[in-house]
Amino acid sequence: MRFLFLGDVVGRPGREAVTSRLPKLIERWKLDFVAVNGENAAGGFGITEAIYNELIDAGADAITLGNHSWDQREALVFIERAPKLLRPVNYPGKAPGRGVALMEAKNGARVLIMNAMGRVFMDDLDDPFRVVEREISACRLGEGCDVAVCDFHGEATSEKQSFAYYFDGRFSLIVGTHTHAPTSDHRVLPGGTAYISDIGMCGDYDSVLGMDKDEPIHRFLNKIPSSRFEPATGEGTLSGVAVEIGKNGHSERIAPVRLGGVLEEAKPKFWE
Ligand SMILES: [Fe+2]
Ligand SMILES: [Fe+2]
């Protein structure tokens, strides 16, 4: 099974990278399932219903979120009628929507997909290890689902790596998101879980985290805001990972995907 996971879509350059390239990639690489992190899709902050529909129409089968889930207040309402939209599963209390869903891939496989958020240098949510343990125990790989995937949205690499090794073998794929910079530590862990600490962002990399450089630099120099953060406007890079998942739900190969913009191109050789 062929799985593509794309990183945080930032503003218009990120959306254009996805809408212009994804439909062709689905065809050329015969993708069975595409997941996209959409937490920065609306001007860098959150997601609207119109943008959710735009990403779904481009071929996303699931859209995950993170600390920016509710930046667009309408997300608190429309998430209830957006079955492919997932917010972190470990929000405390009464968060609307869902953090986990069982979906069907194009090849008929049952895909359990989950979004969890780390707690190191992040909001103090419920313990992601224990919440995810509960969810994966209720729908085990090879029993309740054929493929299990988790987007772990976190700042600290130590937390992401600990999470991945703790769940190694019980997920097909665990990807890190949130830092907006792709790491080159993609690999299949000993138990069969494909892993990368961060899949990067879909956005303009001639920027600071996808945002125009001037305001972040100004704030570091002066500790006073001078304007709002706005997404950079150059060509966006499509960034994520391509994963080949075997019949037993464990991964066989993982490769980086980077297309367009200022980053060096990367494609999965095993599909080209
Ligand atoms: Fe993000
Ligand atoms: Fe984030």
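The values are calculated or read from the model by the stated rules, or taken from the named source; none is laboratory data. Remember, it's a predicted structure, so these values are computed and weren't measured experimentally. Heads up, the Cβs are rebuilt from the backbone with ideal geometry, glycines too, and the neighbour counts pull from every protein chain shown. All accessible areas refer to the heavy atoms of the entire protein, side chains included, with ligands and DNA or RNA removed. Shrake-Rupley method; radii C 1.70, N 1.55, O 1.52, S 1.80 Å.
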Item to check | Filter result (out of contact with any strand residue (DSSP E or B) (no Cβ under 8 Å at 6 or more places or on another chain) and surrounded by 10 or more Cβ atoms within 10 Å (Cβ to Cβ)) within the range 214-225 | outcome: Asp214, Glu215, His218, Arg219, Pro225
Next on the checklist: I'd like the full set of residues that are assigned to a loop (DSSP other than H, G, I, E, B), touching a Ser or Thr at 6+ places or on another chain (Cβ under 8 Å) and within 14 Å of ligand 1 (Cβ to nearest atom), limited to the range 58-71.
Outcome noted: Gly66
Checklist outcome for this item: Of the candidates Met201, Met211, the one satisfying the condition of being buried (at least 24 other Cβ atoms within 10 Å of the Cβ), under 22 Å from Ser20 (Cβ atoms) and of a type in the set (A, V, I, L, M) is Met201
Next on the checklist: Looking only at residues that are more than 21 Å from His153 (Cβ to Cβ) and acidic (Asp, Glu) in the range 21-48, which one is farthest from ligand 1 (Cβ to nearest atom)?
Outcome noted: Glu27
Next on the checklist: Restricting to the range 228-272, name every residue that is in contact with a Leu (Cβ under 9 Å, 6 or more places away or on another chain), without any contact (Cβ under 8 Å) to a residue 40 or more places away in the chain and open to solvent by 20 Å² or more (accessible area, probe 1.4 Å).
Outcome noted: Glu265, Lys267
Checklist outcome for this item: Log entry, pairs with first residue in the range 153-175 being open to solvent by 10 Å² or more (accessible area, probe 1.4 Å), second being in a helix (DSSP H, G or I), beta carbons closer than 6 Å, six or more apart or on different chains, reads Arg170/Ile136
Checklist entry - (1) among the hydrophobic types (A, V, I, L, M, F, W, C); (2) outside any loop (DSSP other than H, G, I, E, B); (3) more than 25 Å from Arg2 (Cβ to Cβ): which one isn't true of Phe229, the others all being true? => result (2)
